[in-house]
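What follows is one structure encoded as structure tokens, with my remarks underneath.
The values are calculated or read from the model by the stated rules, or taken from the named source; none is laboratory data. Note that the structure is predicted; figures quoted are calculated from it, not measured. Here the Cβ positions follow ideal geometry from the backbone for every residue, glycine too, while neighbour counts run over all protein chains shown. All accessible areas refer to the heavy atoms of the entire protein, side chains included, with ligands and DNA or RNA removed. Shrake-Rupley method; radii C 1.70, N 1.55, O 1.52, S 1.80 Å.
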Amino acid sequence: MTREPHLHRDGTWVGASVPRREDPRLLTGRGRFVDDIRLPGMLHAAFVRSTEAHARIASVDLSAVREVPGVVAAFSAADLGLHDIVALLDRPLHEFVPTAMPVLAKDKVRFVGEPIAIVVARDPYAAEDGREAAVVEYEPLPPITSDSAALAEGAALVHEEAPRNTLVDVSLFATEGIDEVFAAAHTVVEVRARTGRQNALPLETRGAVAEWDDRDEQLRVHTCTQVPHQVRTVLAASAGLDEKEVRVIVPDMGGGFGLKCVVGREEIATAAAALRLRKPVKWIEDRSEALTASFLAREQRYTVRAAFDADGRIQALDADVVCDMGAYSCYPFTAGIEPLMASAEMPGVYKVPAYRVRGRAVTTNKAPTAPYRGVSRPQYVMVMERVMEKAARALGIDPVELRRRNVITEFPYRGVNDVTYDPGSYKESLDLCEQVLRDEGWFDRRGSDPAIGIGFACFSERTGYGSGAFAQRKMAVVPGFDVSEIRMDLDGTVSVTTGTLSHGQSHETTMAQIVADRLGIPYDKVKIVQGDTDRVLYGWGSFASRSITIGGSAAAASAEKLGERLRVIAAHLMDVDVESTELDGAGGVRAGDRRLSFTEIAEVAYLRSHLLPKDVEPGLSATASFDVGGDGTFSNATHAAVVRLDPGTGGVEILRYVCVEDCGVAINPKVVEGQARGGIAQGIAGALFEEVRYDDAGQPLAASFMEYKVPTAAEIPDVRIEHLETPCAFTANGAKGAGEGGTIGAPAAVLNAVNDALRHTGVELDDTPIPREAIFRALERAAEPALEAR
Amino acid sequence: MKPASFEFHRARSRAGAVELLTELADGDPKIIAGGQSLVAMMNFRLARPGHLVDITGIDDMTGIEVDGDRLRIGALTTHRTVEKAGLGVLSAAMRWVGHLPIRTRGTVGGSIAHADATAEWCMLAVLLDARIRVLGPAGSREIAAGEFFHGPFWTALEPDELIVEIVFPWPLPPAALTEYADRKGDFALVAAAVDLDRERTVLGGVGPVPLLVDSLDAEEIAAGLDVRDEPGVSAHYRRGLARTLVRRAVAEASP
């Protein structure tokens, strides 16, 4: 297929909304996802799962399972003898209690849905028939189903080694004299907020196809993970294999959103079963399992006070954050992921001079948690933006003006949270967002319709966490760098590896754009290689908006190194100084009016290597790595939602959504907009729709989309996106991360808009998802005097 | 989410379907048409029929016909067909039935047989005094909608009977149906349908079967509801929704 070039106005690929190279195959059903992989003789797995939230396992009897027609094998923990998965923080025991997650439950179950045994059968139907025949005897223990129950005196222990069910208890910051600041403050506002437990809900559920390959002497696992190398490490350790004996391959992925950036148990068990049986085994998680037994996120409770002076300037922030992390600590991030993120980043875009925070992770008898797009930031931003709105109301200052007085405007800014913020457009994004709403007439409509409310959210997001930033969190396993290998073949086309992994973000396109510019070749001459532990040197995968900032920078560095190599060879062949050569932007090296094309250079490098300079090795390849030395780079945005409430039902309609975002230089603006729109939809889901609830016995109440109310296209409004551009000084092309921002801003914007529409009622709502009944009651009560007057 | 094992049969005629139901009576047979509720329940193994009798191959159970003072809707007629048929309240109410793909596959008879208390067809049948015509081994009979629904998924239909058509009085009165759910296309939290001629209201979501009330007075209807607080939905809220929805239905039905 030939394509028109879609060059940016400066003649570069970066900055151009070139078509996504993934789209032709994905849109015509020719993608290859895990479930599309069908191997000869492949068997199918299903899991026997706990029906109890908290119990000792008295016995597991799989004998009847093995009698079910079509069942080939069934294994319990005792049968497979796998090592547990343990995630560590480098912190003392009073701050972090390490706990183990067995691949299959052994002596105890800790949530409904926990895998106890794996059943392998000729087809998925027989596997489920087999699962039904398992007999598990439980000795029930008291279920712990909330953070407050977990912390209660004398509560049953989910993990015996963790007193008060507390896995993480860290007080990261405590500015001296902060109590005096509160005592002397003109105004103190308080926010108590609870956010609902959510499922990141990738369209493609988890899954794996595993087989032992005698030819390669390898356990080959096709699985949809964001972190293939980490899966390899855990699988090898768990199954007692060398890392060289494990190959993890990631095909196309239908989303991950963080849920797949931790190592799951079912993938390991599936691979172990394949190893044991020496036959290919497939496991595809069904939606019911995905909702109840995968990884959840976001259930947090905030108690926050903020002190303001009479002009509305924030003077101090005091926060207590409790995160209900469920039954297990996830690998590699641990149960610290949410409380540490909230603690480290909460001051956000505001000039907070004094800060105190305590962050805790408690363990409960619910499905465990993993990072989910934004990780705590949707929650603490929501709380901070509630702080701003409440202060604005208390002080009689316009809420946008109050933010303007508090946002960081001079960069670099050293925050009270020991973080240096690189330049951003906090105030500019506020101004533009407000201007867009004004121009579209929304403030006028709000003035004439009391049911309409407008809410803002102004935030930044640290992206491109390097190893230094993760080390500061005291992770025992420290992600951060990326390394890229690049190779030019005889025809001048290029293959480049990245340790990051696109699971929907189109790295095949955007990374190719970055590399194409570096070498001066069309972006479709660049192939991105990712998601294969045998083909990629090493990688931390994709999460925390790190792919373009770190992976893209590593790819750029390897391309530049290759470019230098091309120049060295060309200089030698043309008999000129290297310094006098340059890449000509058209697939060649130029020196004055002389030129060698890349194919001519490649021919020498591969086919006539005797012509190479003495100190240059044959072939055309290079390897380079990249890490962010400092505190990362901060993307930022201002979001605004306009809502109308229905007094008759409590219903919420989002009339308009505006996002002014700044992710530095957008490598591909269309891709950035896609990320923003999808993120905003997930943020709206958190604000208004989704929650995984449990009953008092610890039974999950959402096992299908009937109960788990993921919004559809009908609930998501049209989104207007405006771009600002504050380039990052230390990433390739000045790009900042763009993967998570949409999700971060939306809950705050929607919650503030709903509260603005409740401005006549005296009621403020701070919990999400916002209960419609609470809106209904607030409006009903406010309307009562009017009814009486009539 | 894979169903338990079952045997599949395809009926070629109404009589053939009844014969299969009789013949397979000991093996827990179940009729399948659009499958929009049954298949989901089977995938969760909440329904485990031993036999499925597919009636979609029967060619004389589809269609809409005005027959004097009766409007006859074949049981296999899809919601979408009714939606596009210009049949007043019946067509207008179809916008509340799930989403477009569901309306395109789901059938009128299937919805009546499934007997969800918030299902639009069950409410409309009770509101408008429809009659459910069924065929069994002893021949056909008509059951008044008011006597058809016994509880969730529980009707007057015998295990060996097949719903053949739904018969509404014609012409249709000025009437309307409206609902509330947080998400479009969901089962309603509360639904209300009104018939202005006979001044009656049917509510869904307030009891095990569609509730018929001989009134159009929203306040009175809401106050009289026998509803209890449930997790996430108080009785007060449910009454409030009923009040709002009755008002809105009356407004929509009014010329």
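Using the Cβ-Cβ distance between A:Phe705 and A:Ala100 with R0 set to 35 Å, the FRET efficiency works out to roughly 0.60. With the cut-off at under 16 Å, measuring from each backbone N in segment A:12-27 to a point 7 Å along the Cα-to-Cβ line of A:Ala713 picks out A:27. Expressed per residue, the C-alpha convex hull volume of segment B:4-115 stands at 115 Å³.
Treating the Cα atoms of segment A:131-222 as identical point scatterers in vacuum, please give the log10 of the normalised Debye intensity I(q)/I(0) at q = 0.16, 0.22, 0.24, 0.26 Å⁻¹, two decimals. The calculated log intensity ratios at q = 0.16, 0.22, 0.24, 0.26 Å⁻¹ are -1.10, -1.14, -1.18, -1.24. Once the gyration tensor of the Cα atoms in segment A:347-401 is diagonalised, the equivalent ellipsoid follows with semi-axes of 29, 13, 11 Å, ordered largest first.
Here the scattering of the protein assembly as shown is modelled by Debye summation over its C-alpha atoms, one equal scatterer each and no solvent; at q = 0.05, 0.08, 0.10 Å⁻¹ the log10 of I(q)/I(0) is -0.36, -0.92, -1.32.
Think of a 1.4 Å ball rolled over the protein heavy atoms: chain A then has 35 Å² of accessible area per residue. Working note: 222 nm ellipticity from helices only, DSSP H runs with n ≥ 4, each -39,500 (n - 2.57), summed and divided by the residues of chain A, gives -9000 deg cm²/dmol to the nearest 500.
Sorting A:721-731, A:604-614, A:696-706 by average packing, meaning the other beta carbons within 10 Å per residue, from highest down gives A:721-731, A:696-706, A:604-614.
Excluding ligands, DNA and RNA and using a 1.4 Å probe, chains A and B jointly bury around 2200 Å² of accessible surface, summed across both partners. Positive-end ranking of A:Tyr523, A:Pro102, A:Gln682 along the dipole of the protein assembly as shown, with charges on Cβ about the Cα centre, is headed by A:Tyr523.
For trypsin sites (Lys or Arg not before Pro), the sites in segment A:36-74 that DSSP calls loop and that have at most 16 other Cβ atoms within 10 Å are A:Arg38. Modelled spin labels at A:Asp593 and A:Arg405, positioned 7 Å past Cα toward Cβ, are 6.9 nm from each other. Remark: C-alpha extents of segment A:184-331 on the principal axes read 75, 31, 27 Å, sorted largest to smallest. Normalised by 2.2 N^0.38 Å, where N is the number of residues, the C-alpha radius of gyration of segment B:64-169 stands at 0.99.
Go through segment B:1-30 and flag every residue whose accessible area shrinks by 40 Å² or more with all protein chains in place compared to the isolated chain (probe 1.4 Å). Flagged in segment B:1-30: B:Met1, B:Lys2. Over the C-alpha atoms of segment B:175-253, the Rg to Rh ratio, Rh being the Kirkwood estimate, stands at 0.94. From the largest down, segment A:392-491 spans 66, 45, 26 angstrom on the principal axes of its Cα atoms.
With the alpha-carbon atoms of segment A:429-539 aligned to their principal axes, the span from lowest to highest coordinate is 68, 41, 21 Å, starting with the largest. Protein heavy-atom surface of segment B:175-253, 1.4 angstrom probe: 48% of the accessible area is carbon and sulfur, with nucleic acids and ligands not counted. Accessible-area loss of 50 Å² or more (1.4 Å probe, protein heavy atoms, chain alone versus all protein chains) is found in segment B:174-211 for B:Tyr180, B:Asp182, B:Arg183, B:Lys184. The share of accessible area on segment A:481-626 that comes from carbon and sulfur is 46 percent, using a 1.4 angstrom probe. Counting every alpha-carbon pair across segment B:40-99, the share separated by more than 19 Å comes to 49%. Size of segment B:7-54: Rg and Dmax of its alpha carbons, in Å, are 10.6, 31.
Think of a 1.4 Å ball rolled over the protein heavy atoms: chain B then has 44 Å² of accessible area per residue. Interface residues of segment A:94-139, defined as those with an accessible-area decrease of at least 50 Å² between the chain by itself and the complete set of protein chains (probe 1.4 Å), are A:Tyr125, A:Glu128, A:Glu132. At each listed q (0.10, 0.20 Å⁻¹), what is the log10 of I(q)/I(0) that the Debye formula gives for segment A:653-790 modelled as equal alpha-carbon point scatterers? Taken in order of the listed q values, log10 I(q)/I(0) reads -0.47, -1.14. Here the simple spin-label model places points 7 Å from the Cα toward Cβ, and for A:Asp575 and A:Arg192 these points are separated by 8.6 nm. D by Stokes-Einstein for segment A:256-307, Kirkwood Rh over Cα pairs, 4 °C, 1.567 mPa s: 93 µm²/s. Per-residue shielding of B:232-241, expressed as the average number of other chain Cβ atoms within 10 Å of the residue Cβ, stands at 4.
Multiplying each eigenvalue of the alpha-carbon gyration tensor of chain B by 5 and taking the square root yields semi-axes of 31, 21, 16 Å, largest first, rounded to whole angstroms. Note that segment A:411-452 carries a Kirkwood radius of 12.7 Å, evaluated over its alpha carbons pair by pair.
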